[in-house]
1. Which ³J(HN,Hα) values in Hz, rounded to whole numbers, follow from the phi angles of region 117-122 under the Karplus curve 6.51 cos²θ - 1.76 cosθ + 1.60, where θ = phi - 60° and Gly and Pro get x?
2. Please check which bits of region 325-347 a label hung off ASN14 would reach, taking the label as a point 7 Å along Cα-to-C-beta and the cut-off as backbone N under 15 Å.
3. For the chain, report the accessible area per residue in Å² (1.4 Å probe, heavy atoms, rounded to an integer).
4. Quick one: order HIS77, HIS63, HIS210 from most to least accessible surface, probe 1.4 Å.
5. What number comes out for the charge environment of GLN286, summing +1 per Lys or Arg and -1 per Asp or Glu over other residues with Cβ under 13 Å away?
6. Would you mind telling me the share, in percent, of accessible area of the chain contributed by carbon and sulfur at probe 1.4 angstrom?
7. For TYR414 and ALA4 in one chain, what is 0.36 nm times their gap in residues minus the Cα-Cα distance, to one decimal in nm?
8. Considering amide H positions built from the backbone, and no H for Pro or chain starts, which residues 5 or more places from THR217, or on another chain, come under 5 Å of its amide H?
Amino acid sequence: MNQASYPFFRVIQNHVAEAARRMDLAPDIGALLSQPRTELVVHFPVRNDAGELCMFTGYRVQHNNLLGPFKGGIRYHPDVNVDEIKALAALMTWKCALLDIPFGGAKGAVKCDPRQLSANERMRVTRRFTHALGRNIGPDHDIPAPDVGTGPSEMAWMMDTYMNSVGVLEKNAQRGVVTGKPLACGGSHGRAKATGQGVAHCVEEWAREHRLALKGTRVIIQGFGNVGGHAAILLSALGVSVVAVGDHTGYLVQPKGLDVHALSEHVRVHGGVRNYGGAELCSRDQFFAAEAEFFVPAALENQVSSHEAGLLRVRAVVEGANGPISPEGEAELTARGVDVVPDILANAGGVTVSYYEWLQNKRSERWTLEEVDAKLEWAMLRAYRRVSEQAKQMGTNRRIAAYSLALAALREGYEARGIFP
Ligand code: NAD
């Protein structure tokens, strides 16, 4: 199925519905959570380096803010559409609720291919998009962060544009309008690697739970960007051998284990894993069929359908990406006894450290890397163990257990507050 016709939002809603059914959730609460609060589409002009005027389309979907300000990344990709952004926004609501972070869920995007834009063009697109969003974002209302195709530079430009749109006296209180900023702009130590770090904690904890010595195990990783690249380096430091990787440029296999630092440098210089000398080029199918204990998807949604699930020879999939497994893929994995650590748990390290960054901005503090790392580890292990326990108690898989914990947090909030007015 191509990405445009993949009903991503419905897939997420079906997970919610399954969890709601098992926990006897009141229909009112299901109804309240069935659609996002706001779906914003903006069209804005930007001049390219040749001086031509180009129109761009941007999105911001605000799913739910019961537990706190809307929170979620900004994606730059040529194929984005509203359904995908709705799904990603909803995932943020569930993730924050599961991790007990006082944020709601949102997601945004600009339909563009960032690889085809110069740094100056990306800056103008980012600034104009931020201007178009206007007061729909804000440090106490809706807080963007990086996602696929964006990083600290885009966050610095967003912050600067937003700060310059308010009065000078309020300017410095606006720093927390985005997270994932460079350190020099009020970013947090440990944010860049946070999502990969959270993935590594889940792999470690899964191994502990299954009495498997982590050292000497193998992992295959799809996507070698922010999440996949950091996960590779952190897992490799724990003694896990990265035996196959892949990205939009191709797939590589190296049964003896890749030198992840050298590969990382290759990706930084060349923009992808292809042509890296230390491994063999292989097909996408050969990548999925590579022998390993773990698979970390860290690219896009809908990458593992029944075909890929049938090829996988791993014991556990730890979802660095959002929504990487289709329902057919999940059914196949379940039938084959492959365990899945779901996205709303496994990749929650990013939003967790984003929360820490936001807190540091609010308090004008700078935490050390050691402080951030220790807090993140505590938060990830607590959430992991709660999900494992819930899965045992409910007799479900980890995904439905994670959704049910998140839903329970929202149910409590709605029951206490009632419906306004
Ligand atoms: P990124 O842009 O840094 O990297 C994306 C990677 O995916 C790149 O290596 C790219 O080559 C690869 N890719 C793109 N299209 C592909 C294709 N068709 N086939 C194979 N590989 C492909 O993005 P990221 O921030 O690392 O995000 C990756 C995933 O993790 C996304 O699902 C994102 O929503 C999720 N995520 C990111 C964060 C974060 O903090 N950045 C947090 C939580 C979840």
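The values are calculated or read from the model by the stated rules, or taken from the named source; none is laboratory data. Keep in mind the model is a prediction, meaning the values are calculated, not measured. No Cβ is skipped: glycine too gets one built from the backbone with ideal geometry, and neighbour counts run over all protein chains shown. What goes into the accessible areas is simple: the full protein's heavy atoms, side chains included, and nothing from ligands, DNA or RNA. Shrake-Rupley method; radii C 1.70, N 1.55, O 1.52, S 1.80 Å.
1. 9, 6, 4, 5, 5, 4
2. Counting backbone N atoms under 15 Å from the label point, the list is 325-335.
3. Dividing the accessible area of the chain by its residue count gives 41 Å².
4. Descending accessible area places them as HIS210, HIS77, HIS63.
5. Charge balance in the 13 Å sphere: -2.
6. 51
7. 144.2 nm
8. Amide H to amide H, under 5 Å and 5 or more residues apart or across chains, THR217 pairs with SER241.
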